[in-house]
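Below is one structure, written out as C-alpha cells; the observations come after it.
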Amino acid sequence: MPDLPTRGLARAARLAALPAAHVGRRAASLGRRLGGQPAELLTQQVQARTAEQLFTALGDLKGGAMKVGQWLSAMEAALPDQVAGPYGEALTRLQEAAPALPPGVIHRVLAEDLGPHWRLQLLYFDDTPAAAASIGQVHRASWSGGQHSRAVAVKVQYPRAGDALAVDLRQLDRLAPLIRVAAPGVPARDLFAQLRASVMAETDYEQEATAQTQFHRALVDDPDFVVPEVVAVTGRVLVSEWVDGTPIAEVARTGTQPQRDRAGELLVRFLLSSPARVGRLHGDPHPGNFRLTDDGRLVVLDFGSTLALPHGWPPRLGELLRAAVDRDATALLAVMVDGGLVAPGTVSGQRLVETLDPLLAPLRVPRFAFSRGWLRSQTTRFSDPRGTAARVQRHLHVPAHYLLVQRVLAGTTGVLCTLGARVRVADEAVTWLPGFHDAAA
C-alpha cells in the first residue's frame, strides 16, 4: 500500500462510493428476492457486505475519515438493533484493527526518525501491528536499555497522516450552514476550528508524550489506573512501556457483569478525577483506548487529545448539575445565564429542567444501570426536531472550547452503555465535582 491519499477529490470519491455500492447491493438483493430467496437473509447479506466495505474504506483512508468512524464506535450502543450487529462490529474493529500499512512503509519511518541503525535500539520488532488506528499503528517491540531490555509499544505515525487529516477536516466547513439552522446559538465556525485544532494536535507526538507523562506521574502506583511510561519520542514515533490488558470492547462482549461494572466504575472515576489529579482531561474515550488488567485496573492509552484544566473542573459545572438534579428551575436558569449559556428571556428554567432531566438519571440513584435502550431513547429525544430538547437547543450558546468536554461526556456515556455497566455515578460526582458537592451539602 502506498502513502495515504491526501487529495481531497480522491478521498471524497472513496467515501462517495460507499452509498453508491450500497444502492447496487440493494438492487441486486431485490432481484434475488423476486427469484424466491428469503428477504431477511438477503438483508443480512447486504448489511454485512456494506459494513465490511465501510470498515475497509475508512480503514484504508485513515485520517479524519477513520477518526469519524472511531467516534461513531464510541456511540455504537445507540445504533438500532437491526444495524447494531454488522455495523457495530465494523465500527468496533476500527478502534484498533484497521487495515495496516505494510512493514516496508513502517520501517522507512523508523529509519528516518530513529536513524538507519534503529534495530540496534529495537532488539525485537513485530512487523504485525498490535493495533492500527486513524493516525498511526502500534507494534510490540523490545527496547534496549543497557544490560536489560524492556517490552515496549512503538506507535508509528502514517506517512502524510497530517495531510490526510487536514483534508478531511476542511470538509467540516460545509456543515456550518446546517448547524446554524439547527442550533443558531452554536458558533459553528468557531466550533469546527476548535475541533480541527484538537484533532490535528493528535499528530504531534512530542506534545502527546508530554501529556502522557503528566498522567503517568500523577497516577503512578495508583490502585485503579495504569498509564504506560514514555520511553522515547520523535516527531513520528512514540515508544511507551508495554502493558497487558483486555480491551474494553472485549470486556463488553464476553466479560462478566462484575467485570463490566468494574470497567465502567473506573472509566467514570478516571473521567471525573483527572482534572483534579492531573490537571488534564483525556479527550478520546473510545473503547480502543482502554484495557482492563487481570487485577482489575484500568489501562489508559493514547493521549494525543487532552484538554488542560490546571484548576480542575470549574465549580459552575457542579452547580449547574446540582440545580438540574434537584429540578430547581430558578437556580438552573441563573447558573446558565451567568455562564453565558443562554441569554436572559430566551428560554424558561422549567424548559431547561425538562430538557436535561432524563440525561441526569445516572446522578439520581445510588447505582445507575447504563443500557443501549436508555441511550437510544436519549438519542431519539434529542434528534426529534419537534421536541422540547431540540427547541431548547436552539437557544443555547455553547462556547467552542466546551466541544472537547461534550465529546468526552458523550463518548464515555456511549462506552458505559456498550458495557451495560452499573455505576455509582453520583458518588464519583460528589467526590470530584466541587460545585456539585458543595450544593449537595
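Which residue out of ASP173, ASP224, ASP168 is acidic (Asp, Glu), touching a Lys or Arg at 6+ places or on another chain (Cβ under 7 Å) and at pLDDT below 70?
ASP168
Could you tell me which of the residues VAL335, VAL392, VAL425, VAL347 is closer than 25 Å to ILE248 by Cβ and either surrounded by 16 or more Cβ atoms within 10 Å (Cβ to Cβ) or small (Gly, Ala, Ser) (or both)? I'd like the intermediate steps shown before the answer.
Numbers: VAL335 fails: closer than 25 Å to ILE248 by Cβ; VAL392 fails: closer than 25 Å to ILE248 by Cβ; VAL347 fails: closer than 25 Å to ILE248 by Cβ.
Within the list VAL335, VAL392, VAL425, VAL347, the selection yields VAL425.
Highlighted here are the helices (runs of 4 or more DSSP H) found entirely within the stretch 306-360 that include at least 2 residues which are within 23 Å of VAL425 (Cα to Cα) and among the small types (Gly, Ala, Ser): 315-325, 329-338.
ASP326 passes every criterion in (1) under 20 Å from LEU403 (Cβ atoms); (2) acidic (Asp, Glu); (3) surrounded by fewer than 19 Cβ atoms within 10 Å (Cβ to Cβ) apart from (1).
Can you tell me how many residues within the stretch 107-140 are within 29 Å of HIS286 (Cα to Cα) and either outside any helix (DSSP H, G or I) or at pLDDT below 95 (or both)? Talk me through it step by step, then tell me what you get.
So in the stretch 107-140, the residues within 29 Å of HIS286 (Cα to Cα) come out as 107, 109-110, 113, 125-140.
Now restrict to residues that are either outside any helix (DSSP H, G or I) or at pLDDT below 95 (or both): 125-140.
Looking only at that region, the number is 16.
The values are calculated or read from the model by the stated rules, or taken from the named source; none is laboratory data. Keep in mind that what you see is a predicted model, and the values were worked out from it rather than measured. Here Cβ is always computed from backbone atoms with ideal geometry, including for glycine, and neighbour counts include all displayed protein chains.
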